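Written out below as structure tokens is the structure these notes cover.
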Amino acid sequence: MSTQKSSSNDLIAGIDVGGTFTDLLLLDPRPGGGVRIVKTPTTLDNQAFGVLNALDETGVDLAALGAIVHGTTTTTNAVLERQLATTGMITTRGFRDVIEVGRRTRPQPYGMYGAFEPLIPRNLRLEVCERMDAKGNVILPLKVDDVRAAARELLHAGCESVVVHFLHAYANPDHERQAVAVLREVWPNAYITAGHELLSEYREYERGVTAAVNASVRPILHRYLERLQSELKGRGFQRDFLVMNGNGGMVSAPLVDRESAKTVMSGPASGVMAAAYTAKQGGFDNLITYDMGGTSTDVALVLDAVPAVSNELELEYAMPIHVPMVDVRSIGSGGGSIAYIDDAGLLKVGPRSAGATPGPICYGRGGTEPTITDANLVLGRLNPNGLLSTSDAPSLDHISDILVRQIGLPLGLDAETAASAIIRIANDRMAGAIRLVSLAKGHDPRDFTLFAFGGAGPLHAVALARELGIPRVLVPARPGITNALGCVVADVRHDFVRTVNQPLDHVDMSTVHAAFEAQIAEGSRLIDDETIDIDSITVLHGADMQFIGQTHLISVSLPSGTPTRDEIQSIFESAYFERFQVDLPEIRASLVNLKTSVIGVRPNIRLSMLIEPGDRGETLEEAKISIRRVWFDGGWHDTVVYARDKLPADAAFDGPAIIEQMDTTIVVEPGNRVETDSDNNLLIHVAGTA
């Protein structure tokens, strides 16, 4: 592994691979330096080609790059599409069905439909003789001959990767370590996952599924990163490139391979980190982030400038991945989401998407089904000449005809009202996702600012804010490449979890403090091994807790240093009251997990450089492009169209307006007020929400 560290003065490339486009932000942090933005179609068959195409378009000598930071959907897509490596599991005798039995929940709360298929089929889950109790005491020693026999059977069955998942290994991992040592003697590759190394906490089902996810995607991610790294080195880039993790931090490619499950949701996480970074510099602490791309919409909550991180996210039904990830909720509603009439005669939008190929009809790449993007075009919100389309893109009349034929006629609507109905249904679905991260968790959306980004987010943000009573919409300087910006500004981060699972009154506090110290030491060592420059190290402590006798956990933040027993009890009681508005003074707390995040803080970046100051105009008139008819609230309005890059630094104006830039279009409804700030963000005050 390369040990050469990048400097804070080196060129940095942040690359985010989305479902439709691959975005690249090339940043020169030196005084007088600037940015270069590239947006290329995602190459779905092999994402590496899209990454290389984006780098080629910058024209930069890769040898001059100090760092390449990459947010990838490789592992997320592999799990969702079940395009996984053949994986086997070696587990405690009598417990091979744990990851299939699960919690006995249902795919649908109401109804007897839906299905679940475990990542590792039953015939590839083999049992061996061993047993620990919940305190880590050995009941049955491990029979290493059983491990060898199981390994040979799995290899004969065609397994490429293997999981070792023993009961209560979080309390004593000795048997898992012995089994791994045996496997290394007979397994032909390095794709061996020990459950305790990835997740050292109780709950065998969640720990087992997380380990199974890791093992199933590890060969896929390894081949992808190895191929990309080889291509980059062949073009002159000699350093290790970095990969975004789902926790919003980055890690070098050689280190990320072992814990591949942590890269799930890395793309959405990078966008949330960029939103928190941007808003903090602008003085906005509480955000709802809203990222609408070509395939999906991702929403998250940022409190006091810190994104919410959860260890209990479920990628899909019965797929809990219990590693720290930014708490992002995703729905299949993006610019490419297809509108259709279902068997009941109802209009539906998504989750099926036109993706990058063929894409929306208006892109001229063979799309034949109307999408949200096509509906926005028909309503005048998009400039047909500003789309990333081919020279054979169909006319607006042709798109309107398809919209009427497939959507309008069955519902008795003309082109405009059909397009408006598509937008309304899509907005309703996205508003529901926002409610999940705010109202469902006890937060009033009216106390937040909606941070809108993604290629399509600013098109819909004001309508969503009006629907939810959110008073302000913040649109960053480069909304369409915010995820790529997140790769550039993200810190280096390592998270650790250790199970205690005892009543707080019985916990030895010296053990708690020693655990925190050990986690800090390990995180600092890993950061020191990274190949990127940092300014300082920040440590965050937390705990998963519950009242004795309860099942569900609440995560709380703990003060640095050596928190006392009474401090921890008080912090938990306050968090419980804030969540449920209930005091339970007669019940004591249980300390389940200790958590530590060790963060290597990177140098600050001037966000004002995202729009070159020399390009700005002196007056609004200089920024005006045209006047276009745009559909608002059931009718057409003559609407001023502005060029975002030409807006003066102190611009302030009222809607209706359309603001266009290379990577997105911003819709400002009638009655809204728009202002700019020193970082080139747009702040839209939403009418009727005060």
> Tell me which lysines have Cα within less than 23 Å of Lys143's Cα, excluding those fewer than 8 residues away on the same chain?
Replying inline: Lys135
> Tell me which aspartates and glutamates have Cα within less than 18 Å of Lys646's Cα, excluding those fewer than 8 residues away on the same chain?
Replying inline: Glu612, Asp615, Glu618, Glu621, Glu622, Asp654, Glu660, Asp663, Glu675, Asp677, Asp679
>> What do you get for GluC sites (Glu not before Pro) in the range 615-655 restricted to DSSP loop and a cutoff of at most 12 other Cβ within 10 Å of the site's Cβ?
In response: Glu618
> Taking only C-alpha pairs under 8 Å that are 6+ residues apart, what is the relative contact order of the range 97-151 in percent?
Replying inline: 23
> Tell me, in nm to one decimal, what length is gained between Ala64 and Gln83 on full extension, where the rule is 0.36 nm per residue of separation less the Cα-Cα distance?
Replying inline: 3.2 nm
> Helix hunt in the chain: which complete DSSP H runs extend at least 20 Å axially by C-alpha with mean Kyte-Doolittle at least -1.0?
Replying inline: 204-234, 266-282, 415-437, 509-529, 565-580
> So, by mean Cβ neighbours within 10 angstrom, what's the order for 245-257, 576-588 with the highest one leading?
Replying inline: 245-257, 576-588
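Defining a contact as two alpha carbons under 8 Å apart and six or more residues distant in sequence, what relative contact order in percent does the chain show?
Relative contact order for the chain comes out at 12 percent.
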>> Using helices alone, I'd like the mean residue ellipticity at 222 nm for the chain: each DSSP H run of four-plus residues gives -39500 (n - 2.57), total over residue count, nearest 500.
In response: -9000 deg cm²/dmol
> If you take the charge dipole of the range 30-153 about its Cα centre, with +1 on Lys and Arg Cβ and -1 on Asp and Glu Cβ, which of Thr92, Thr73, Val51 is farthest toward its positive end?
Replying inline: Thr92
> Which whole-number percent gives the relative contact order of the range 520-629, counting Cα pairs below 8 Å spaced six or more residues apart?
Replying inline: 35
>> Taking the Cα centre as origin and putting +1 on Lys and Arg beta-carbons and -1 on Asp and Glu beta-carbons, what dipole magnitude results for the chain, to the nearest 20 debye?
In response: 1040
> So how far, in whole Å, is the C-alpha centre of the range 314-333 from the one of the range 246-310?
Replying inline: 13
>> Ranking request for peptides 70-83, 143-156, 316-329: highest mean number of other beta-carbon atoms within 10 Å first, then the rest in descending order.
In response: 316-329, 70-83, 143-156
> Which value in nm describes the separation of the simple spin-label points at Asp583 and Gln569, placed 7 Å from the Cα toward the beta carbon?
Replying inline: 1.5
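For the range 157-190, which GluC sites (Glu not before Pro) are in a loop by DSSP, counting at most 13 other Cβ atoms within 10 Å?
Answer in residue order: no site qualifies.
The numbers here are math on the coordinates, done by the rules we state, and not lab data. In this text the structure is predicted, and so the values were computed from the model without any measurement. Quick reminder, even Gly has a Cβ in these numbers, built from the backbone with ideal geometry, and neighbours come from all protein chains shown.
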